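Inspection log for the structure reproduced underneath, given as structure tokens.
The values are calculated or read from the model by the stated rules, or taken from the named source; none is laboratory data. This one's a predicted model, so the numbers in the text were calculated from it and none came from an experiment. Note that we place each Cβ from the backbone using ideal geometry, even for glycine, and neighbour counts take in every protein chain shown.
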């Protein structure tokens, strides 16, 4: 794409990309830690991690989160609309007072807004 009439293209290595984004990657973990503090939970209480779209496709982010949660398997939704629909269905069940095993122990949090 052009910027001010200049068409610029470059290639960087994954290592260089990870170096350039190191501060942003660390801030991802800070957001997760803050979300856990906000709900007064320890990461050992988390049994399933679902990642949705965006930066979750970056291997470094995936590795940082997996390491943070002690190797816990991370589940990814590739389709953002599907993830939103799933979250809305779970939230509706919770608001309705559904006491089924599938819903009873769910803590549904939107820890990062779409603008992130």
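What are the pairs, 6+ residues apart or on separate chains, where a residue within the stretch 88-102 that is under 19 Å from residue 52 (Cα atoms) has its Cβ under 7 Å from a residue that is outside any helix (DSSP H, G or I)? Between residues of the stretch 88-102 that are under 19 Å from residue 52 (Cα atoms) and residues that are outside any helix (DSSP H, G or I), the close pairs are 90/106; 90/108; 91/108. Of all positions in the stretch 95-106, none carries a residue that is within 19 Å of residue 25 (Cα to Cα) and either at pLDDT below 75 or not in a loop (DSSP other than H, G, I, E, B) (or both).
For residue 67, the test of being at pLDDT 85 or above and either part of a loop (DSSP other than H, G, I, E, B) or exposed (fewer than 13 other Cβ atoms within 10 Å of the Cβ) (or both) is passed.
Can you pull out every residue in the stretch 28-58 that is in a helix (DSSP H, G or I) and under 21 Å from residue 80 (Cβ atoms)? Within the stretch 28-58, 28, 31, 32, 35, 54, 55, 56, 57 meet the criteria. The residue of the stretch 73-87 that is nearest to residue 25 (Cα to Cα), among those that are buried (at least 16 other Cβ atoms within 10 Å of the Cβ) and in contact (Cβ under 8 Å) with a residue 24 or more places away in the chain, is 74.
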